[in-house]
1. Any residue at all in region 134-154 that's at pLDDT 85 or above, out of contact with any helix residue (DSSP H, G or I) (no Cβ under 7 Å at 6 or more places or on another chain) and under 18 Å from Glu74 (Cα atoms)?
2. Out of region 95-105, which residues are over 15 Å from Asn138 (Cα atoms) and either modelled with pLDDT of 95 or more or buried (at least 16 other Cβ atoms within 10 Å of the Cβ) (or both)?
3. For residues in region 34-51 being open to solvent by less than 50 Å² (accessible area, probe 1.4 Å) and either closer than 20 Å to Asp86 by Cβ or of a type in the set (S, T, N, Q) (or both), which is modelled with the lowest pLDDT?
4. Which one of these does Ile158 not meet: (1) within 29 Å of Lys251 (Cα to Cα); (2) surrounded by fewer than 19 Cβ atoms within 10 Å (Cβ to Cβ)?
5. Which of the strands (runs of 3 or more DSSP E) contained wholly in region 191-299 include at least 3 residues that are out of contact with any Pro (no Cβ under 9 Å at 6 or more places or on another chain) and open to solvent by 70 Å² or more (accessible area, probe 1.4 Å)?
6. Could you say whether any residue in region 287-299 is in contact with a Lys or Arg (Cβ under 9 Å, 6 or more places away or on another chain), in contact (Cβ under 8 Å) with a residue 12 or more places away in the chain and more than 23 Å from Ile356 (Cβ to Cβ)?
Amino acid sequence: MINCSRLMDQASLNIINVGKKKLYLSKKGPIIFYYPLNYPSRQKVQSRDLLSTQECLDLFDEANNMDTPFITMESEDPLERDDLVDIISYGSKNGIKIVVAMSHRFITESRVKVLKNAGTSYIGVNLDEKFSGNLKENFRRCLRNLQYLKNEAIPFGIKLYLKEFDEDELAEALDCMQLNGVKRVAFYQLPPKHREWERFRNNRRRLMDFLLECAMNKFDMDFATENIYADGPYIYNYAVNKLKNFELGKKILLSLSKQGGCKAGEKIIGIGPTGDIHPCPTWIDFSVGNIKDKGIAEVVRENNICISNGKIKVGMRCMVCDFRNICRGCRYRMYTENGDVQTINDPACYLTDNEINIEKK
């Protein structure tokens, strides 16, 4: 995830904004994404196949031993799982920050109070990708739900799923969000159908230009983009080449180098509803083990699909890119497109050869 606003504000990427507070992550372990009921947009898993309560508590114990700073638990309605409150309470009492990501449709006054009392640190509100029509009107539909979060003083943010978008419409929606107290918006650009990557890349450039302009001039809120680490180098180029602010460019580059690009299988781990371990929460079609059989740390040590002794193995274009160490491409997209994570380029990379300095080599 790349925080556009914080980079342009010269802030460090090891700060997570939680409401009006800044949570400095002192823990250095992997961030874990856990799907307690089902994978996104897939059928629910039979309850008998889900991780048991004790297996979930064991997962949290291991996460604590691995120095995990926080665990994100995502489901349309996570409280559909009866023991979720006990699991959250256990993790919270053991020093792990708990983030719950859920559909706005299931945010009710009673659920918010339950989640707060359990020790939830932050709630990510997903605006369903099933929405059609005007983004501003879609957001207005969930205003009452968000009021419950504000009443209980639980930090929250909005996640938007984008395919095609209109800049004016998106600006109206963001303005409405800011007026209603939203402090953070994450943007997830849905992957293209039929491998229309050129259209996807063009839309990504438009989105980044729009967000950077908003972050600089229009909105006092955090904008974060997900799943494409080329956004970082793009922001750097924006600061250096468009703004001519070389000092800001240095600070952006320093922040990006601390993050180190995609950390799938290293600093980001996905856990499925039945205990399958994935290199990242998006790469759910590929499992490297199951926590019922082996611990997460052991599986990560044994698996070198995404890493190889710290050496980055990616496609030829990525290998000669000036930003390869702060981006590293997306192994999931490489694998999905070609069944290979070591020799194929990331199809979502929208940076030109000139922007990554290939033409000079």
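The values are calculated or read from the model by the stated rules, or taken from the named source; none is laboratory data. Source: prediction; values computed, not measured. Reconstructed Cβ throughout: ideal geometry from the backbone, glycine too, with neighbour counts over all protein chains shown. The accessibility values were calculated without ligands, DNA or RNA, using every heavy atom of the protein model including side chains. Shrake-Rupley method; radii C 1.70, N 1.55, O 1.52, S 1.80 Å.
1. Yes, region 134-154 has at least one match.
2. Ile96, Lys97, Ile98, Val99, Val100, Ala101, Met102
3. Step by step, filter region 34-51, then rank; the result is Val45.
4. It fails just one condition, (2).
5. none
6. No, there is no match, as no residue in region 287-299 is in contact with a Lys or Arg (Cβ under 9 Å, 6 or more places away or on another chain), in contact (Cβ under 8 Å) with a residue 12 or more places away in the chain and more than 23 Å from Ile356 (Cβ to Cβ).
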